[in-house]
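The values are calculated or read from the model by the stated rules, or taken from the named source; none is laboratory data. Note that the structure is a prediction, hence the values are computed from the model and not measured. Cβ placement follows ideal geometry from the backbone for every residue including glycine, while neighbour counts extend to all protein chains displayed.
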Amino acid sequence: MNPITPPSQTTADTKGQLRNNLLGIAEYQERQDLNLELNADAYELLSAPVQLSHLVLMSDRQCVDQERALIVQLCERYGIVPPSIHNSHFSAELGAFLLRWERHTEYSTYTFYHTGPFEVPFAQPAIRLVPDEWLASLPGEILVATHIALDERSRPKRSLTELAALFVSKTVIGSKVAAGSASVWSDNQIHSDGFGRILVHDENLRSRQAGRLMQRLLEIETCRMLAMLPLPITRQMIPQLARFDGRLATLIANNNELATIEDEQKLLDGLTRLASEIERMSAQTSHRFNASRAYYDIVKQRIIELREERIEGLQMLQEFMGQRLSSAMGTCDLVHTKLETLSLRVSRASALLRTRVDISMELQIRDLLKSMDKRAHMQLRLQETVEGLSVVVLSYYLLGIVGYGLKASKAAGMAINVELLTGIAIPVIVIGVYAVVRGLRRMVSK
């Protein structure tokens with residue numbers, strides 16, 4: 001078994017030289033890392049007989065540093081160069097076993113390999129060689145735990161009776177894979193030790209083929225469980241969606257019984273609250289549903305890559321997954337679609353009600369403008385009436401002033417007829433006041 005050398009160790013001596021000497025042109029900073037990611041070994045080179053134990057631990061991204069520290073601790077225990085602080089995967093032989101660690105977005109995988117003959121598969125799994133206290137310190141929660149045993153080709157195939165004794169359910173599924181180069185059996189059950197079991201018989205596998213086959217089987221085990229993560233949430237959502245659907249139907253039915261704008265606003269408030277609850281549920285579950293679909297696609301792709309051939313009397317892995325996993329995924333897809341459809345229906349109902357409210361408000365504004373126009377017209381008429389009175393009042397006061405002036409002039413010795421001049425001044429003053437008031441009104445109007 002060949003350990004995988006971390007990318008930082010294999011290219012540290014060439015990166016600088018390439019960047020400085022590549023046609024005199026600056027190299028993209030991440031070019032080497034991207035190329036290494038594309039060509040990184042995704043599996044180990046294996047030779048039968050070999051047993052492996054695989055753990056998938058769900059953990060937050062914040063646990064990566066703790067995981068690396070534990071890997072470093074284990075490497076120091078066995079005198080192995082630890083991974084760099086930037087590596088998200090690591091592989092090395094540690095004493096009697098080989099460790100492969102990979103960090104993914106929401107989980108980490110730990111795979112332990114042990115090469116050596118065995119008579120009874122799964123009786124002495126590879127994980128027994130790993131220190132118990134180190135395993136107990138791993139962060140996260142176990143989602144997948146699987147033992148795989150690869151029988152060497154020189155050993156006779158096990159009979160159905162022997163196979164049934166190895167699997168707790170007594171029901172075995174299996175098939176020939178890799179164009180007949182190996183046979184695989186399992187029961188997809190969790191046994192008393194907490195692990196699932198897969199038995200592989202090598203018939204004509206090369207070491208690279210064996211490594212790829214083990215990796216595909218592990219990815220199927222991992223991704224099928226990850227794909228089913230939304231199933232418990234889905235079962236909880238089904239009655240909630242039914243209640244949401246009933247509330248929406250009631251609100252839509254009340255739409256035809258609205259009498260006032262207050263009723264419309266009350267109904268709109270109910271629709272808004274319902275839309276808020278649906279969007280909250282969608283935000284909480286959409287990521288999980290999308291991830292589940294991606295994992296399910298990986299499972300289907302890996303099953304296709306197995307190139308299964310039927311073993312007489314046994315159900316193939318593809319058939320088992322088609323019956324069990326596709327049914328669970330169908331339920332998840334149905335609920336996800338129902339949630340999206342319900343959200344769309346609430347949005348349409350809210351849009352229609354908002355349109356109705358807007359029309360009602362526009363009608364109210366129209367009536368208000370009519371009322372304001374009527375009031376303005378009445379005010380204008382009143383102003384015209386007051387204008388006539390104001391001419392009379394102003395004329396009266398001006399005539400009084402003129403009368404006082406004439407009386408003063410007569411008292412000063414001027415021979416004038418006060419009453420006659422006052423009478424002559426009346427039409428002049430009235431006409432003058434009227435002309436001034438009209439002029440001021442026109443100036444204001446402009």
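Observations, loosely collected:
- Of all residues in region 188-215, those being buried (at least 22 other Cβ atoms within 10 Å of the Cβ) and of a type in the set (D, E, K, R) number 2.
- Scope region 375-395; condition polar (S, T, N, Q) and either under 60 Å from the mean Cα position of the chain (by Cα) or modelled with pLDDT of 80 or more (or both); matching residues: Ser395
- When Ile71 is tested against (1) in contact with a helix residue (DSSP H, G or I) (Cβ under 7 Å, 6 or more places away or on another chain); (2) under 17 Å from Pro131 (Cα atoms), exactly one condition is not met: (1).
So that you can scan it fast, the table gives a plain yes or no per residue for (1) out of contact with any Gly (no Cβ under 8 Å at 6 or more places or on another chain); (2) assigned to a helix (DSSP H, G or I); (3) exposed (fewer than 11 other Cβ atoms within 10 Å of the Cβ):
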{"residue": "Gly400", "(1), (2), (3)": "yes, yes, no"}
{"residue": "Lys407", "(1), (2), (3)": "yes, yes, no"}
{"residue": "Met414", "(1), (2), (3)": "yes, no, yes"}
{"residue": "Thr422", "(1), (2), (3)": "no, yes, no"}
{"residue": "Val428", "(1), (2), (3)": "yes, yes, no"}
{"residue": "Val433", "(1), (2), (3)": "yes, yes, no"}
{"residue": "Arg438", "(1), (2), (3)": "yes, yes, no"}
{"residue": "Arg441", "(1), (2), (3)": "yes, yes, no"}
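- Criterion: out of contact with any Ser or Thr (no Cβ under 9 Å at 6 or more places or on another chain), in the same structural domain as Arg243 (by TED's automatic domain parsing), charged (D, E, K, R) and more than 30 Å from Ala242 (Cα to Cα) - qualifying residue of Glu362, Glu419: Glu362
- Counting only strands (runs of 3 or more DSSP E) that sit completely within region 97-175, those holding 2 or more residues that are hydroxyl-bearing (Ser, Thr, Tyr) correspond to 107-115.
- Candidate set from region 301-338 (those that are charged (D, E, K, R) and either touching a helix residue (DSSP H, G or I) at 6+ places or on another chain (Cβ under 8 Å) or farther than 29 Å from Leu163 by Cβ (or both)); member that is surrounded by the fewest Cβ atoms within 10 Å (Cβ to Cβ): Glu305
- Check on Leu150, in the same structural domain as His54 (by TED's automatic domain parsing), among the aliphatic types (A, V, I, L, M), closer than 28 Å to Val168 by Cα and in contact with a helix residue (DSSP H, G or I) (Cβ under 7 Å, 6 or more places away or on another chain): yes
- Matching residues in region 86-144 - criterion: being in contact with a helix residue (DSSP H, G or I) (Cβ under 7 Å, 6 or more places away or on another chain) and basic (Lys, Arg): Arg103
- Out of Leu339, Leu334, Leu398, one residue alone is over 60 Å from the mean Cα position of the chain (by Cα) and at pLDDT 80 or above. It is Leu398.
- Candidate set from region 72-86 (those that are over 16 Å from Thr111 (Cβ atoms) and of a type outside the set (A, V, I, L, M, F, W, C)); member that is modelled with the lowest pLDDT: His86
- Only one of Ala12, Ala26, Ala42, Ala69 that is modelled with pLDDT of 80 or more, among the hydrophobic types (A, V, I, L, M, F, W, C), surrounded by 11 or more Cβ atoms within 10 Å (Cβ to Cβ) and on the phi < 0 side of the Ramachandran plot: Ala69
- Where a residue in region 320-341 is closer than 28 Å to Gln189 by Cβ and its partner, wherever it lies, is hydrophobic (A, V, I, L, M, F, W, C), with Cβ under 6 Å and at least six apart: Phe320/Ile173; Ala328/Met228; Ala328/Leu231; Val335/Met237
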